[in-house]
Every structure is written in structure tokens, then in C-alpha cells.
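Before any comments, here is the structure.
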Amino acid sequence: MNNRRPFIAGNWKMYKTCAEAVETAKTLTGLVSDVKNVDVMIAPPFTALSQVHEAIKESSVMLGAQNIFWEKEGAYTGEISPGMIASAGCRYVIIGHSERRQFFGETDLSVNKKIRAAINNSLAPVFCVGETEKERDGKDTFNILDKQLKMGLEGFSPGDLERMILAYEPVWAIGTGKTATSAQAQEVHRFLRNLIENLFGKKIAGSVRILYGGSVKPENIGELMSMPDIDGALVGGASLNAEKFAEIIKYK
Ligand code: PGA
């Protein structure tokens with residue numbers, strides 16, 4: 001047994017208008033008001049952050065953003081700074097999601113800068129890593145994860161990582177309905193925890209929460225959560241529906 005508190009996060013991606021986001025958030029807080037032993041976070045689109053914050057601030061559901069830029073302010077059209085999302089009520093920020101790496105040119109280097117910016121602004125990063133199908137088929141999974149983790153966390157001290165959350169999201173399992181088996185996910189989570197231990201020591205390795213992401217749903221969450229190194233989930237599609245997401249949060 002470990003004493004890591006389960007963490008279940010919903011990544012709403014580019015879905016929901018402000019009104020839709022507020023409605024889903026309100027329904028969710030009602031459905032999970034009796035949940036005491038799981039940390040819950042939702043990451044709506046930027047445009048809905050403030051209003052969702054208003055809607056959930058009396059509840060235990062926490063707010064996160066899906067991305068940030070690393071500069072404090074400046075002439076960066078279209079970008080959002082760490083201080084801006086913090087002022088909208090965010091405590092968390094997802095960084096390095098594979099969709100950002102795939103479609104928006106994010107690299108291990110930009111991910112590193114964003115994690116630094118999050119930490120400097122007292123935001124907890126939810127740092128995503130994961131291999132593509134081709135990389136898994138080519139038996140490259142562990143090399144890729146090693147590189148993503150080492151480069152993403154280059155230059156950090158163990159103290160920097162106290163609030164960091166790591167998310168393992170195999171790209172081939174995101175939005176595809178194909179979930180990694182719990183054994184496949186556990187194998188990678190153990191690998192990542194060992195790597196953290198080698199780089200930053202036993203204490204952080206023992207306390208860092210590692211989430212699994214990729215087609216998590218009410219039907220598979222229980223099995224995933226029964227694995228010793230899986231501490232939670234980063235949920236995309238199934239988090240858009242408050243009832244479904246609440247079922248995931250109340251897994252048994
Ligand atoms: P999914 O997305 O649950 O829809 O597969 C997960 C994610 O991208 O975080």
C-alpha cells in the first residue's frame with residue numbers, strides 16, 4: 001500500500017461553450033459532493049475557466065488549464081500566461097499533451113520551459129508523456145519515455161517536483177477506444193517511477209502521482225486503479241459527460 005491520494009482529471013479539450021461547461025461542471029459537483037478520498041480536477045477550454053471557477057469554487061473539484069505559454073506577458077498573440085490562468089482560478093495545468101506535440105509543434109524543450117513556468121507560478125503541472133503506436137511496435141516505448149521524461153524535467157530539483165503530476169498517455173490509446181491493458185500500463189508506470197527515483201530520489205518517486213490516460217471509461221477504471229503504480233486517470237472523451245465522469249471518479 002502507498003499513501004498517494006488518487007487523482008482523477010478531466011481534459012475537456014476543444015469542447016463546450018461557456019454555458020455548456022458551466023452546466024457540466026455544476027452537475028459534476030453535485031454528483032461527486034460525497035467523494036472524499038479522490039482529488040478531482042477538470043480542465044475546460046480557456047474561455048470557460050473563470051465561469052467554471054465560479055461554479056465550482058465552493059466544491060472540492062479543482063480547476064486546471066490545458067496549456068500555457070512560458071512568458072509572463074508580452075507580444076505573443078494568441079498565447080496565455082501562467083499568471084493569467086492562475087488569476088482565472090486554476091491550480092493545475094496540463095503540459096505536453098500528445099495532441100499539442102502532434103498538432104502544435106510542441107517539443108521536449110518547450111515542454112520543459114512550460115513546466116518551469118508552471119512551477120514558478122505555483123501551478124501544479126500535469127506533465128504528459130507517451131509513445132505512438134509505431135514506437136511501441138518498434139519496441140521503442142521505453143527509450144521514448146526515457147527521453148521525454150529526462151528532457152521535460154532537465155534542470156529541475158526534487159523540491160521543484162513536489163506538486164507535479166505525471167501522466168502516461170500512450171498516443172495509440174487516446175480517443176481510439178483501445179486502452180492499454182492494466183498490465184501494460186503498470187509496466188510503464190513502474191518504469192517511470194524507477195526513472196524518477198534514479199533522477200530525483202526515493203522520496204519524490206514514492207510520492208509522485210502517475211496517472212494513466214487513453215480511453216479510460218467507467219468499465220475499465222477499477223481494473224486500472226487496482227495496479228500498484230497507477231494513481232489516477234487523465235480522462236478525455238468520458239469526462240465530457242458529468243454522469244459518466246462521476247462514475248469514473250467513484251470507481252471501485
Ligand atoms: P481519451 O483522451 O480519454 O478521450 O482517450 C485522453 C486524453 O487525451 O487525455
Whole-percent pair-distance distribution, where bins are 5 Å wide, for the alpha carbons of the chain: 1, 6, 15, 19, 21, 18, 13, 6, 1, 0
Of the peptides 57-70, 120-133, how do they stack up when ordered by the mean number of other Cβ atoms within 10 Å, highest first? 120-133, 57-70
Can you tell me the FRET efficiency between residue 134 and residue 23 if r is taken as the Cβ-Cβ distance and R0 is 35 Å, rounded to the nearest 0.05? 0.35
Coil-residue trypsin sites (Lys or Arg not before Pro) of segment 82-148, DSSP, other Cβ within 10 Å capped at 11: 139
In percent, how large is the relative contact order of the chain, given Cα pairs closer than 8 Å and 6 or more residues apart? 22 percent
Relative contact order in percent for segment 82-217 (Cα pairs under 8 Å, 6+ apart) equals 25 percent
Roughly how many Å² of residue 140 are accessible to a 1.4 Å probe, to the nearest 10? 60 Å²
Projected label distance in nm at residue 5 and residue 181, using a 7 Å step from Cα toward the beta-carbon: 3.4 nm
Distance check, please: which entries in 57/250; 178/250; 202/244 exceed 28 angstrom between their Cα atoms? 202/244
Could you please put 97, 53 in sequence from largest to smallest accessible area, using a 1.4 Å probe? 53, 97
Over the chain, what percent of the accessible surface lies on carbon and sulfur atoms, probe 1.4 Å? 52 percent
For a label point 7 angstrom out from the Cα of residue 252 toward its Cβ, which stretches of segment 24-54 have the backbone nitrogen within less than 17 Å? 32-38
Heavy-atom accessible area of residue 226, protein chains in place, probe 1.4 angstrom, given in Å² to nearest 10, is 80 Å²
Thinking of segment 168-252 as a set of Cα atoms, what percent of all their pairs are more than 22 Å apart? 25 percent
Could you tell me the relative contact order of segment 41-119? Use alpha-carbon pairs under 8 Å, at least six residues apart, and round to a whole percent. 30 percent
Taking only protein heavy atoms into account and a 1.4 Å probe, give the accessible area per residue of the chain in Å². 46 Å²
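The values are calculated or read from the model by the stated rules, or taken from the named source; none is laboratory data. Note that the structure is a prediction, hence the values are computed from the model and not measured. A quick note on method: Cβ atoms are made from the backbone with ideal geometry, for glycine too, and the neighbour counts reach across all protein chains shown. Keep in mind that these areas ignore ligands, DNA and RNA; they rest on the heavy atoms of the full protein, side chains included. Shrake-Rupley method; radii C 1.70, N 1.55, O 1.52, S 1.80 Å.
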